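The values are calculated or read from the model by the stated rules, or taken from the named source; none is laboratory data. None of these values were measured; they are calculated from a predicted model. Backbone-built Cβ (ideal geometry, glycine too); neighbour counts: all protein chains shown. Keep in mind that these areas ignore ligands, DNA and RNA; they rest on the heavy atoms of the full protein, side chains included. Shrake-Rupley method; radii C 1.70, N 1.55, O 1.52, S 1.80 Å.
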Amino acid sequence: MSHTDGSHPLPDGFTYEAVGATREGRCPPGFHEMQVRTRLGEGTDLFERAAHAVHTWEMHRALGVGLHTDAPEAAPGVDVTVTLGGVIKAPCRVVWTVDEPRRKGWAYGTLPGHPETGEESFVVARTGDGTVWLTVTAYSRPAKWYARAGGAATRGLQHAYARRCGVVLRRLAGDPKE
């Protein structure tokens with residue numbers, strides 16, 4: 001356990017207490033919540049391609065952000081650092097994964113040095129009618145001065161990033177015959 005101010009133990013080096021809250025679909029008090037849902041298409045094959053692209057970091061790499069990890073795929077305990085614009089480093093650790101017949105994905109939480117504090121999940125789901133969706137869910141609050149100074153603009157960038165995840169994943173998972 002680590003402590004940021006000596007009074008609240010934080011699990012496994014994370015910068016926040018509510019590790020795993022995205023899995024439970026809850027936003028802890030004091031955090032901004034975000035959920036962006038994108039329709040990717042239809043069918044089992046598209047679902048499997050999308051889930052694979054999320055699980056193996058392919059979606060993140062295709063976003064054009066820097067991504068460093070030693071693991072070939074997301075798994076609990078795996079560390080990953082996303083770099084934005086070549087200068088802003090955002091260290092994270094995978095908190096949970098889900099691998100069900102109609103739902104696959106994972107979430108990571110922030111580590112010291114990340115400009116935000118919180119958690120973000122990327123889940124691909126196939127509904128009963130065969131429609132495939134990507135849902136990006138997050139809760140966060142600023143940790144660095146520049147994230148605080150950005151205010152609503154910082155949250156706008158998070159929403160834009162989540163929407164871009166959907167656009168990129170739709171392209172990656174689309175029908176390879178098209």
- Gain in span if fully extended, Glu48 to Ala62, counting 0.36 nm per residue against the direct Cα distance: 3.3 nm
- Grab the DSSP H runs of the chain that are 4 residues or longer, score each as -39,500 (n - 2.57), total them, divide by all residues and round the 222 nm result to the nearest 500 deg cm²/dmol. -9000 deg cm²/dmol
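Under a Cβ-only charge scheme (Lys and Arg +1, Asp and Glu -1), can you give me the dipole magnitude of the chain about the Cα centre, in debye to the nearest 20? Please list the in-between numbers first.
Working: 21 positive and 20 negative charges, 119 e Å.
So the magnitude is around 580 debye.
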- In degrees, nearest 10, the alpha-carbon axis of helix 44-55 is tilted away from the dominant principal axis of the alpha carbons of the chain by 30
- Query: Using a 1.4 Å probe on the protein chains only, how many percent of the accessible area of the chain belongs to carbon and sulfur?
  - Reply: 52
- Note on the structure: Semi-axes of the range 67-178 from the Cα gyration tensor (sqrt of 5 times each eigenvalue, largest first, whole Å) come to 26, 17, 14
- Send over the Kirkwood Rh of the range 1-159, from the inverse of the averaged 1/r over different Cα pairs, rounded to one decimal Å. 16.3
- Accessible surface of Arg61 in the full protein assembly, 1.4 angstrom probe, to the nearest 10 Å²? 120
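Could you provide, to the nearest whole Å², the per residue accessible area of the range 1-131 with probe 1.4 Å?
Values: 6360 Å² over 131 residues.
On a per-residue basis, 49 Å².
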- Message: Name the residue from Gly151, Trp106, Phe31 whose Cα lies farthest towards the positive end of the charge dipole of the chain, charges +1 on Cβ of Lys and Arg and -1 on Cβ of Asp and Glu.
- Response: Gly151
- Query: Which angle between 0 and 90 degrees, to the nearest 10, do you get for helix 145-173 versus the longest principal axis of the chain when only C-alpha atoms count?
  - Reply: 20
- Task: Just add up the charged neighbours of Tyr108: K/R +1, D/E -1, any other residue whose Cβ is under 11 Å from the Cβ of Tyr108.
- Result: -2
